[in-house]
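J.: Handing you this structure, nothing more for now.
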Amino acid sequence: QVQVVESGGGLVQPGGSLRLSCATSGITFGAYVMGWYRQVPGKQRELVAAIRSSSSTTYADSVKGRFTISRDNAKNTVYLQMNGLKPEDTAVYYCNANFQRDFYWGQGTQVTVSS
């Protein structure tokens, strides 16, 4: 049984930081592309950052220089370090595990950036 579980969301002031974690089980984690997506009501889910099995990374232009994605293959966990948060970063953040035709999603974690 595959499990993808996000944690670490919450309320933070503009300019603050949060670290999201995504723990997985039931997959060969090291082979998967791991991604963080976000969604706000009325809009499509968008890719925030992704990290491949080679540890190469991709970032949305809106978060480059502020967010960092990383993975710990020994812990089957991917992280998203978010610095310099802005109100427009407010969204539900979802973790995704992808290998070929297999896609697995977590339940999402809310991030709210507000003073």
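The values are calculated or read from the model by the stated rules, or taken from the named source; none is laboratory data. Quick caveat, the model's predicted, so the values are computed rather than measured. Ligands, DNA and RNA are excluded from the accessible area calculation, which covers all protein heavy atoms including side chains. Shrake-Rupley method; radii C 1.70, N 1.55, O 1.52, S 1.80 Å.
J.: Tell me, what is the per residue accessible area of the chain in Å², probe radius 1.4 Å?
T.: Values: 6130 Å² over 115 residues.
So the chain comes to 53 Å² accessible per residue, rounded to a whole number.
J.: Here's a follow-up. Report the percentage of all Cα-Cα pairs in the range 26-81 whose separation exceeds 17 Å, rounded to a whole percent.
T.: Details: 601 of 1540 pairs.
The share of Cα pairs beyond 17 Å in the range 26-81 comes to 39 percent.
J.: At a 1.4 Å probe, what is the % contribution of carbon and sulfur to the accessible area of the chain? Display every interim value, and only then the final one.
T.: Values: 2870 of 6130 Å².
Carbon and sulfur atoms account for 47 percent of the accessible area of the chain.
J.: Hey, can you grab everything whose amide H is under 5 Å from the amide H of F67? Only 5+ residues off in sequence or another chain; H modelled, so Pro and N-termini drop out.
T.: N83
J.: Fully extended, how many nm does the chain gain between Q39 and S25 (0.36 nm per residue separation, minus their Cα-Cα distance)? Show your work: numbers first, answer last.
T.: Numbers: separation 14, 0.36 × 14 = 5.04 nm, distance 2.39 nm.
Length gained, Q39 through S25: 2.6 nm.
J.: Same structure again: Note down the relative contact order for the chain as a percent, whole number, built from C-alpha pairs under 8 angstrom at least six residues apart.
T.: Working: 275 pairs, mean separation 41.9, N = 115.
Averaging sequence separation for qualifying contacts and normalising by length gives 36 percent for the chain.
J.: Over all distinct Cα pairs, what is the inverse of the mean 1/r for the chain, reported as the Kirkwood hydrodynamic radius in Å?
T.: Working: mean 1/r = 0.0713 Å⁻¹.
Taking the inverse mean of 1/r over all distinct Cα pairs, the chain comes out at 14.0 Å.
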